[in-house]
Amino acid sequence: MGASAGGGFSVDDGLLDHLDTGIAIFDPEGRLRAANAPAYRYARLQGVDLDDLDLARSLRESPPGFDIDDAPLRVDQSVILAATEGREAQRTVWAGPVDRRRALRKSSHRIMSASTGLEGTALITRDVSRRAHHDRLPYDFLASTSHELRNPLTPIVGHLELLTDDIERGVPSAALRLEILRRNVDRIVHRLDELLLLEHLTPRLVLAECDAARIVEEAVAARASDASEYGIHILVDVTPAQVSADAGRLQMAIEALIGNAVRFGPRGSTVTVALSSDPSAGRIDITVIDEGPGFRPSELARVFEPFHRGRDARANAVPGLGLGLAVSRAIAHAHGGAIDIVSEPGSGAVVTLSLPVDHR
């Protein structure tokens with residue numbers, strides 16, 4: 001191996017250098033004890049010197065690279081740092097120049113002894129670029145398709161504004177046609193926004209102090225026409241709450257949850273949208289409850305996959321692209337939050353979007 005092994009790590013020199021997998025061993029104090037050639041190669045792609053005598057400090061000061069969602073790695077997300085600190089972790093990251101970047105699957109594993117306890121940590125690195133680029137293809141397709149569709153919509157929206165001015169000057173018969181046109185254009189733009197969001201995998205947020213109750217109420221208002229069309233009554237129950245969030249993205253997530261509930265609820269049923277806060281936990285909960293068919297246990301494992309449409313959606317020809325829950329979860333995760341679903345077949349669904357009040 002590329003570094004001399006010591007203590008309990010006896011490895012024949014060069015034995016593991018011909019593997020595709022990088023293997024580096026750190027002792028309990030975080031010092032490198034052994035590493036094969038691929039381990040050094042993969043580390044260099046991330047700009048990391050495994051032989052750095054104060055590697056942990058260097059990694060805390062400058063976390064290397066980007067995660068697989070193209071977001072800069074935070075200190076607590078560095079698997080190499082976890083290995084030097086005797087922690088277990090795993091993550092897929094991008095490494096290397098942009099035009100030749102590689103996807104590396106990194107994991108750290110504690111080496112334990114029944115007699116002495118922690119003896120060290122193994123850092124394992126595998127090149128998973130082929131799979132990562134293959135997984136990325138659908139999102140690249142979404143990006144190009146979304147931009148192609150959005151471009152011709154831009155002048156349409158502009159002309160709608162001009163038509164609105166004309167109506168204000170006295171053409172009342174055109175008002176209804178304008179509203180129908182505007183509503184349908186808004187739907188197309190909203191779908192494109194969802195596609196573009198999934199293109200980035202991790203939404204870019206513009207955070208500000210927001211009135212969460214107002215965001216919920218505006219999301220409900222945006223779905224009011226859909227609810228009327230499906231014969232659904234929306235009950236709103238909100239309490240005042242402030243949150244650090246991207247208001248536009250958060251509203252998009254809530255609208256998606258309400259849209260799902262409305263489309264699947266039986267005519268004449270009620271969808272409840274509630275906002276509550278838990279100051280002691282430092283979070284808010286936005287809950288959407290419907291009286292629809294609910295989810296089968298086998299479906300719950302896939303409901304957050306982009307483009308997944310359950311059996312009921314297909315059987316009843318419910319419109320939609322299967323993006324709502326995927327978009328909502330992506331937005332929730334970007335805010336440091338989560339989405340939870342409680343559902344049984346025939347008993348509707350309770351979907352809760354939780355966000356920290358102060359996301360940094």
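Coordinate-derived values only; no laboratory data. Being a predicted model, the structure only gives us computed values, none of them experimental. Positions of Cβ are backbone-derived with ideal geometry, glycine not excepted, and every protein chain shown enters the neighbour counts.
What the table below lists for this structure:
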{"quantity": "Computed FRET value (nearest 0.05) for D165 with V185, which takes r as the C-beta separation and R₀ as 25 Å", "calculated": "0.90"}
{"quantity": "Positive minus negative residues near H233 (Lys, Arg vs Asp, Glu; Cβ under 14 Å)", "calculated": "-3"}
{"quantity": "V342 versus R31: modelled label distance in nm, points set 7 Å from Cα along the beta carbon direction", "calculated": "5.3"}
{"quantity": "Other-chain or far-sequence residues with amide H under 5 Å of F66's (modelled H)", "calculated": "L73, W94"}
{"quantity": "Computed E for S298/R100 - FRET, C-beta separation, R0 56 angstrom, nearest 0.05", "calculated": "0.85"}
{"quantity": "Residue-span extension gain [S276 to L235] - 0.36 nm each, minus C-alpha spacing", "calculated": "13.3 nm"}
{"quantity": "Cα→Cβ-extended label distance, 7 Å offset, between D51 and E209, nm", "calculated": "5.3"}
{"quantity": "E218-R41 FRET efficiency (beta carbon distance; Förster radius 51 Å; 0.05 resolution)", "calculated": "0.50"}
{"quantity": "Residue-span extension gain [A71 to R131] - 0.36 nm each, minus C-alpha spacing", "calculated": "19.7 nm"}
{"quantity": "Approximate spin-label separation R267-E88, in nm, with each point projected 7 Å along Cα-to-Cβ", "calculated": "5.5"}
